[in-house]
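Have a look at the structure below before the remarks.
The values are calculated or read from the model by the stated rules, or taken from the named source; none is laboratory data. These numbers come from a predicted model, not from an experiment. We place every Cβ from the backbone using ideal geometry, glycine too, and count neighbours over all the protein chains shown.
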Amino acid sequence: MTRPELKLIEPLPPEPTGPPAEQCLSFRGGRPAELLITGAHVIDPNAGHDGVLDVLVRGGEIAEIGSGLKAPEGAETIDASGKHLFPGFVDPHVHLRTPGFEYKENLESGTRSAAAGGFTAIIAMANTNPPVDSPGAIQSLRMRAQEDAHIPVAFSATVTKGMKGKQLSEMAELAEAGAICFTDDGLPIVDAGLMRQALQYQRLSGRPLALHQEDPALTRGGVMHEGRVSAELGLAGYPPVSESTYIARDALLAEYEGGRIHVQHLSCIGSIEAVAAAKERGVQITTEVTPHHLTLTDEAIGDGTDANFKMNPPLRTEEDRQALIAALKSGVVDIIATDHAPHAAHEKEVPFELAAMGVTGLETSFPVVYTDLVKTGVLDLSLVIDRLTKGAALFELPTPTVAKGAPANFNLIDLDATWVVGEEGYASRSSNSCFAGRELSGRVLMTVAAGVVAFRARSFAMQEVGA
Ligand SMILES: [Zn+2]
Ligand SMILES: [Zn+2]
């Protein structure tokens, strides 16, 4: 059956309203790195590297890549033999909890946590208190990030005023103030008419809409996936279709309006099918999956007493998990994003039904995926690196790359080093990790973000500094 053309798409306005996406990143900066890293196994699918190389960083830029490179005076030499060097990871879905919830996380701790996880750029969500829905709020966050952020961070703004789902925020003005994208993450946009309008402003601003998809009429009262496990535990569940129906709806609306949407945290087969069908039709739709949805199912909830397994969308079935892995491989799911959602102990150490939704993820993202999916032969390491870096491109940020002349955005990881999650504490202010106590392979030793050493593992102190 051939599908009739829905609507002629009008040409886009010549210039989007905001500054180039790259200028939406804020960062406290620091002394430009002078480093010679020798004998690292460099894997960068974009630059075409997969082999042992030396990398010389001068003035925060990659000055040379090759073998037998000599350290210039004043450069620190790092013997990285047996270690891996990857382009910096980019996470477009992080809750930094500022303003208003600083007891959970703040700009300093959240970006420190990101650096400790090998990330060199992140996007902060807007469901703060108050929500980020005014140009002034964006400007003030950007100024604070210039003081506090260990790595470059861009800020999203809400789609609707106060995240109330009634009235659009001033999207054009927010884009001009430097909002990287629009999202009411934490809540869906229930009113389809408002979504349609948001898509029109999306086209005007050039900034994508990032969507948390759930139909509240179907999720209401639920605390986990609806299925055998929820029945056994006697906990209220909500079905996967609560997510998929909204994705299908918004894909159709995006198609009709010629708008661009990014669907957050896919959790189930029906959602993958809705995204695949939309991509097939040429809809401008991209999507992400979290490390926990790739590696855990509702079985992990066990006896239902540990609320660190409570998040939205919930952990679903093994069939869903397998489908998410396949979709990440095929590209139907574009990227891995953490949905790092810190909560204080008092919000988690309560009965499962009452606990806050969400888990931390920045410090475990790569090690979890590496341990459970790469070491086991399910995913190629280079594919994982691609899916951890490509989040940049979806939001028009420069993709970190290990190439001569590029700003130094990379991490150094010991794939053979094992560690126990939480044993040495977390860089994040919160400890609500669903991987707490797990032994993982893959230890981030160092992160260089925007040309500055942003993180160094305690066991990986400065080795040798030239004169
Ligand atoms: Zn969400
Ligand atoms: Zn989120």
- Query: Of everything in the stretch 157-167 that's part of a loop (DSSP other than H, G, I, E, B) and within 16 Å of ligand 2 (Cβ to nearest atom), which residue is farthest from the chain's Cα centre (by Cα)?
  - Reply: Val159
- Among the residues listed as Val378, Val384, Val374, Val350, the single one being away from ligand 1 (no atom under 16 Å from the Cβ), out of contact with any strand residue (DSSP E or B) (no Cβ under 6 Å at 6 or more places or on another chain), hydrophobic (A, V, I, L, M, F, W, C) and without any contact (Cβ under 8 Å) to a residue 12 or more places away in the chain: Val374
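Table: residues versus (1) under 29 Å from the mean Cα position of the chain (by Cα); (2) hydrophobic (A, V, I, L, M, F, W, C).
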{"residue": "Ala63", "(1), (2)": "yes, yes"}
{"residue": "Ser67", "(1), (2)": "no, no"}
{"residue": "Glu76", "(1), (2)": "no, no"}
{"residue": "His95", "(1), (2)": "yes, no"}
{"residue": "Glu102", "(1), (2)": "yes, no"}
{"residue": "Glu108", "(1), (2)": "yes, no"}
- The helices (runs of 4 or more DSSP H) lying wholly within the stretch 335-394 that contain at least 1 residues that are surrounded by fewer than 19 Cβ atoms within 10 Å (Cβ to Cβ), hydrophobic (A, V, I, L, M, F, W, C) and out of contact with any Cys (no Cβ under 8 Å at 6 or more places or on another chain) are 345-348, 381-389, 391-394
- Restricted to the stretch 164-221, and to residues that are of a type in the set (S, T, N, Q) and within 16 Å of ligand 1 (Cβ to nearest atom), which residue is surrounded by the most Cβ atoms within 10 Å (Cβ to Cβ)? Thr183
- Task: Report yes if Ala277 is more than 20 Å from the chain's Cα centre (by Cα), buried (at least 21 other Cβ atoms within 10 Å of the Cβ), more than 15 Å from ligand 1 (Cβ to nearest atom) and farther than 22 Å from Val378 by Cβ, otherwise no.
- Result: no
- Item | Residues that are within 16 Å of ligand 2 (Cβ to nearest atom) and among the acidic types (Asp, Glu), drawn from the stretch 263-277 | none
- Among the residues listed as Phe460, Phe455, the single one being more than 17 Å from Val368 (Cβ to Cβ), surrounded by fewer than 20 Cβ atoms within 10 Å (Cβ to Cβ) and either hydrophobic (A, V, I, L, M, F, W, C) or in contact with a strand residue (DSSP E or B) (Cβ under 6 Å, 6 or more places away or on another chain) (or both): Phe460
- Message: Anything in the stretch 14-37 that is surrounded by fewer than 20 Cβ atoms within 10 Å (Cβ to Cβ), under 24 Å from Leu85 (Cα atoms) and more than 22 Å from the chain's Cα centre (by Cα)? List them, or say none.
- Response: Gly30, Arg31, Pro32
- Task: Could you grab me the full set of residues in the stretch 155-206 that are of a type in the set (A, V, I, L, M) and in contact with a His (Cβ under 8 Å, 6 or more places away or on another chain)?
- Result: Leu187
- Query: So which residues in the stretch 154-167 are touching a helix residue (DSSP H, G or I) at 6+ places or on another chain (Cβ under 6 Å) and either over 18 Å from Gly391 (Cα atoms) or touching a residue at least 40 places away in the same chain (Cβ under 8 Å) (or both), if there are any at all?
  - Reply: Ala154, Phe155, Val159, Gln167
- Query: Any residue at all in the stretch 130-137 that is part of a strand (DSSP E or B) and away from ligand 2 (no atom under 16 Å from the Cβ)?
  - Reply: no
- Task: Report yes if Ile151 is buried (at least 23 other Cβ atoms within 10 Å of the Cβ), within 16 Å of ligand 1 (Cβ to nearest atom) and modelled with pLDDT of 95 or more, otherwise no.
- Result: no
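Out of Leu35, Leu85, Leu53, I need the residue that is in contact with a strand residue (DSSP E or B) (Cβ under 6 Å, 6 or more places away or on another chain), over 22 Å from Leu381 (Cβ atoms) and modelled with pLDDT of 95 or more. Which one? So that I can check it myself, show each step before the final result.
Numbers: Leu85 fails: over 22 Å from Leu381 (Cβ atoms); Leu53 fails: over 22 Å from Leu381 (Cβ atoms).
So the residue among Leu35, Leu85, Leu53 that is in contact with a strand residue (DSSP E or B) (Cβ under 6 Å, 6 or more places away or on another chain), over 22 Å from Leu381 (Cβ atoms) and modelled with pLDDT of 95 or more is Leu35.
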- Query: Within the stretch 303-332, which residues are within 20 Å of Pro239 (Cβ to Cβ) and more than 16 Å from ligand 2 (Cβ to nearest atom)?
  - Reply: Gly304, Phe309, Arg316, Thr317, Glu318, Glu319, Asp320, Arg321, Gln322, Ala323, Leu324, Ala327
- Hits in the stretch 395-435 (condition: part of a loop (DSSP other than H, G, I, E, B) and among the acidic types (Asp, Glu)): Glu396, Glu423, Glu424
- Task: Taking Thr360 as the residue in question, decide whether it is out of contact with any His (no Cβ under 6 Å at 6 or more places or on another chain) and within 16 Å of ligand 2 (Cβ to nearest atom).
- Result: no
- Item | Selection from the stretch 168-221 of residues that are part of a helix (DSSP H, G or I) and of a type in the set (Val, Ile, Thr) | Thr219
